[in-house]
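In what follows, a structure is listed as structure tokens, so that the remarks can point back to it.
Values in this text are rule-based calculations from the coordinates and carry no lab data. Everything quoted here is computed from the prediction, not taken from an experiment. Positions of Cβ are backbone-derived with ideal geometry, glycine not excepted, and every protein chain shown enters the neighbour counts.
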Amino acid sequence: MSVQFPPSAAPLAAHPVDVLPAPVRTRLLELARGAEPVSAYVYDGAVAAARARELRAALPEWAAVYYAVKANSYPGIVGALAPHVDGFEVASVHELELALEHVESGEIPAVVAAGPAKSVPVLTALVRARVEAVNAESLLELHRVSRIAVAEGVTARVALRVNPADIPISGSLHMGGAPSQFGVAEPDVPDVLRAARELPGLDIVGFHIHAASNNLDADTHAAYLRWCVEWSVATAAATGVELRHVDIGGGIGVAFEGETPFDMARFGELAALVEPPVGVKVVLEPGRFLVADCGWYAAEVTDVKASYGEWFAVLRGGINHFQLPTSWDIVHNVAVLPVDAWEAGEECPRPVAERTRVTVVGELCTPEDTLLRDVFVERVRAGDLVVFPNAGSYGWEFAMHSFLGHPVAGRHLLA
């Protein structure tokens, strides 16, 4: 049996505790004084808002920033971002309802919708909400949207999601240029558009080309943006589409341990050299990029133990609360926040590991519940908190909440 573990962190050392902002440390220590073992996310909406403002300021006026709600759907974070983004990208009825609470009421809510298998109830909700664009993934989905729109007596705005044959981007997670469940393969686009033009109740407004993710290279991402615009203009002209909408997806990367962060200023400078046609909106859908550093996942160390010469810090939590390090096969470093109060409830010495490598594991009955391996710590004790910075995206939403039935992680928004 193959067991999925994150890679070894050796010889990496844990972050110093002052990597955690003072308000975060204060809130976590308040939680530690409660009756229940800590396993919680703490979010700072101001951090997310600042990142959104920074991106918005770097981009040219013709670019629209839509927050991908899937990255973090906590209402306090969505609300904090709302004044600083141009709209939202959603993938479910729940996300749609959340987004509609924060967009200006009007004929066209600033919402776009994606997903490779949108059900009829989801499509019905999107059509009824009159969203700006439903990113259609197939000819069948176009037929379904058409049928729903006719039944509702409305015209649905649709962007065709395209899986391009090749994209000018490297060093990232590709969702284009290869067989995929996402979108229509580029060679099939003319035939699908020809069929779509015969369907009632549809307004084909443009294209959605979310073909890459977690790209840290500003130059190649700007080249990708240019390619998306130029491809859309040429394809629209060749197929008779009145182009008004080009959605390039998200894909701006967040640096892991040892990586160079995305150069937002450089990306903005290069993006400004692109000239979309007048009347064409270009949408970017950042998610993780806006919220990764606005959240911290913290879990109480319930035990510290040695096994055949290796040390383990066992958490109240794990992949049922924070699955990203294991699922993405990454080193996600931590800080140890000391908690001086210790109530073992028995006459047992407080377990401690000092100046040694430790593997951080969770509470689940599977060896796959391993979050960080072989990280050097100065000291970690039962009762301390292990804190994962940069846990604001794909954290709580991405976890295995129901496995073993333990309580889900709490979520707290800093004032």
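Using the Cα gyration tensor of region 1-118, with a ≥ b ≥ c the square roots of its eigenvalues, what is the shape: rounded (a/c below 1.5), prolate (a/b larger than b/c) or oblate (neither)? Note, shape of region 1-118 comes out prolate.
Which net charge results for the neighbourhood of Ile248, defined as the other residues with beta-carbon distances under 12 angstrom from its beta-carbon, given Lys and Arg at +1 and Asp and Glu at -1?
Net charge around Ile248: -1.
Based on DSSP H segments of at least four residues, each scored -39500 (n - 2.57), the chain has a per-residue ellipticity at 222 nm of -8000 deg cm²/dmol. Computed across the chain, the Kirkwood radius stands at 22.8 Å (inverse of mean 1/r, all Cα pairs). Normalising the Debye intensity of region 106-286 to I(0), with uniform scatterers on Cα atoms only, and taking log10 at q = 0.11, 0.12 Å⁻¹ returns -0.47, -0.56.
For region 246-292, rounded, prolate or oblate, judged on the Cα gyration tensor with a ≥ b ≥ c (square roots of eigenvalues), a/c < 1.5 rounded, else prolate if a/b > b/c? In terms of gyration-tensor shape, oblate.
By the rule of a C-alpha distance below 14 Å, with chain neighbours fewer than 8 residues away ignored, the aspartates and glutamates paired with Lys70 are Glu89, Glu95, Glu97, Glu285, Glu397. With the highest mean first, a sort of the peptides 392-401, 156-165 on other beta-carbon atoms found within 10 angstrom per residue produces 156-165, 392-401.
For the chain, the longest principal axis of the Cα atoms and the long axis of helix 139-152 meet at an angle of about 80 degrees. Each peptide among 102-110, 62-70 gets the average number of other Cβ atoms lying within 10 Å of its residues, and from highest to lowest they stand as 62-70, 102-110.
For helix 22-32, report the angle its Cα long axis makes with the longest principal axis of the Cα atoms of the chain; keep it between 0 and 90° and round to the nearest 10°. Once rounded, one gets 60 degrees.
A simple packing score, the average count of other Cβ atoms within 10 Å per residue, orders the peptides 253-261, 307-315 as 307-315, 253-261, with the highest score first. For region 1-84, applying the loop criterion from DSSP together with a ceiling of 14 other beta carbons within 10 Å to the GluC sites (Glu not before Pro) yields Glu61.
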